[in-house]
Structure formats: C-alpha cells, structure tokens
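Quick note: the coordinates plus some simple rules give every number you see, no bench work behind them. What you are looking at is a predicted structure, and each value in this text was computed from that prediction instead of being measured. A quick note on method: Cβ atoms are made from the backbone with ideal geometry, for glycine too, and the neighbour counts reach across all protein chains shown.
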Amino acid sequence: MPQNPPFSEAGDEGPRTDLEQLDAYLSSERSPPRCMDLSELDGFMAGILAGPETIPASEWIPVIWDGDEAAFESEEEAEQILATIMNRYGEIEVALDGDPADFMPVFWEDDEGEPIVSDWAHGFMHAVSLRTDAWDPVLQDEETALLLIPIGLIAGQAVPDMDEEFKLPDEEMEDLLEDADEMLIACAIGLRTFWRDRQPTTPVRH
C-alpha cells in the first residue's frame, strides 16, 4: 500500500505513538485492502458519536474493515489495535462534550503542513449513512442542516468519481475549505449538542 502523508491532531504538536502504530497497521498488507485510513476512521468515529443514537461497536467496527476480515500478526497485536481504536473513540466522546479546544481530529497534512480534511469528512458521512433515516431531523432543521451539509460537501472531495451536480464550483469549494479544520470541529460539536438536547429527560421521582 502507498504510504500515507503525515498526520496531526489539530492544535497538537504532533502525532502520538499509539496512533502512529494504528496508522501503520491500517496501511499494512495485513489490513483489508479497502479498510479505512486513520483520518477517515477518526471522522467515522466522530460521526457515530455526533449522531442520533448509540451504535454498538459490534456493528461499526466491521465497517472499518469494509466488511472484510482483518488479519493480525498475533493476538497481542489484535488487542493493541482494537484497544487503540476504542481508546480513541472514548477520547472523541469526551472531547465532543467538552471544550472545543480539546477536540483534536486527526487530519492528514500536505507538504506545507496544511490540513487535508476530506478523508475525515468522508469518514464522518460514512457514519451518517449507517443511520440515514435517524439523521433526517437535522436536515429538517434549517439552522442545524448548515452543520451537516458542509461536511458532506467536503466529503465529496474524497470521492473522485462523484457526480459533478453534487459538487460545489471550484471557487466556492476553495472558500469552504479555508479554515475547514476549525469549521469541522464546530460542526461535529454542534451536531452532538443538537442530538443531546433532543434526548428526553427522565423525571426525578421523590
């Protein structure tokens, strides 16, 4: 497999060792050929956590491998990779409910150190596709729809053969991608808040 470009967590000084190891595994011959890359996986988990309902890990982990079977060198490696995925899932959950400054998505970087956000957005929208009907209230709410639509438009950049009618003109896309890393953080947190605020509260019994 071709080597992925460098990655970083937004606002952080650099990648962590555990995520580097996960990236190496996802890029290796042992992982399924069409499995998610690290940035896509990070966006995928953010999309699950920012969504309308809890999705069990037993359902979404196979999606990482594109429904294929992941191969590991040893039981120890399998445990390490799955633990890293679940630990990152937990970190994203805490960050989405906390200070926006603490939410640091994993984005690729180009040669100039600028974030490449399309894979992350593509992963987020993959999570949306797991519960398309349940996401409908977001699109029915004009204000909240503005949090999801930009993610979908940016995700389209990761799909070369996407129909042109679903893409923005180049100039408008350039405007959208300006500071897109910060915008995606705000969108994910806003969507998480939208669903959290819609959850019915259980009355306290005395």
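Consider segment 126-137 and keep the residues that are more than 25 Å from Cys35 (Cβ to Cβ) and free of Cβ contacts under 8 Å to residues at least 60 places away in the same chain. The one that is surrounded by the most Cβ atoms within 10 Å (Cβ to Cβ) is Asp136. Total residues in segment 52-97 satisfying the condition of being surrounded by 15 or more Cβ atoms within 10 Å (Cβ to Cβ) and more than 18 Å from the chain's Cα centre (by Cα): the figure is 3. Taking (1) surrounded by fewer than 21 Cβ atoms within 10 Å (Cβ to Cβ); (2) under 16 Å from Asp119 (Cβ atoms); (3) more than 15 Å from the chain's Cα centre (by Cα) in turn, Ser31 satisfies each apart from (1). Beta carbons closer than 7 Å, at least 6 apart along the sequence or on distinct chains, pair a first residue in segment 72-99 that is closer than 21 Å to Ser27 by Cβ with a second that is among the basic types (Lys, Arg) and outside any helix (DSSP H, G or I) for Phe72/Arg30; Glu73/Arg30. Note on segment 10-102: enclosed helices (runs of 4 or more DSSP H) holding 2 or more residues that are under 20 Å from Leu130 (Cβ atoms) and either among the small types (Gly, Ala, Ser) or out of contact with any Lys or Arg (no Cβ under 6 Å at 6 or more places or on another chain) (or both) are 38-49, 57-64, 75-96.
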